[in-house]
Amino acid sequence: MIAAVIKALSGKRWYILAGAVLVAALWAAWTWHGSRSYDAGREYERQQAAEAARQIDAEWRQRERQKQAEWDETYAQLTKQRGAALAAAADAAAAGGSLREQIATASARAAEAARAAGRSERAATAAWDVLQECRAEYQALATEAERVLGIAWATREYSQVVSKRPE
């Protein structure tokens, strides 16, 4: 092989061999340069994709923190409202107990007066019995209305927090 190269160089055809070597060297340099450029481009794209993923992740984490803050605020408001509603319900229950006692006392007085007069106790206490039934029905209606209203408010608050669109 070396002898063939030396023989080729000794003749007038050395410029053909030099041209072939030059073309091979240029092709190798071009391939090496292209490979390096391709690898550098791939690395650049990978870094760009990683940066975009970090930005998207940061945006979603921020949105998640905002939603959590909104939920916490809503929960605090609902807890406060629930506490106020429970206090009002306790006051209403105390007032209802007082009303029950007043109705029972008045009914007992009417029954005693009817006995003393020789009249029917049932007829004397009928109005008080109707008032007691009305009070019980009203309390049941108010309890059911509070339950339904609580569900409606909770659903409304939930839908307001969930339906907010990110900007």
Which whole-Hz ³J(HN,Hα) couplings does the stretch 77-89 yield from phi under the Karplus relation 6.51 cos²θ - 1.76 cosθ + 1.60, θ = phi - 60°, glycine and proline marked x?
5, 5, 5, 5, 5, 5, x, 5, 5, 5, 5, 5, 5
HN-Hα J couplings of the stretch 24-39 from phi, Karplus 6.51/-1.76/1.60, θ = phi - 60°, integer Hz, Gly and Pro as x?
5, 5, 5, 4, 5, 5, 4, 5, 4, 4, x, 5, 5, 5, 4, 4
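Please compute the length gained on full extension between residue 136 and residue 65, using 0.36 nm multiplied by the number of residues separating them and subtracting their Cα-Cα distance.
20.8 nm
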For the stretch 58-71, in order, what is each residue's ³J(HN,Hα) by Karplus, 6.51 cos²θ - 1.76 cosθ + 1.60 with θ = phi - 60°, in whole Hz (x at glycine and Pro)?
5, 4, 5, 5, 5, 4, 5, 5, 5, 4, 5, 5, 5, 5
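Just so you know, all these numbers are worked out from the coordinates, no wet-lab data involved. All values derive from a computational prediction rather than experimental measurement.
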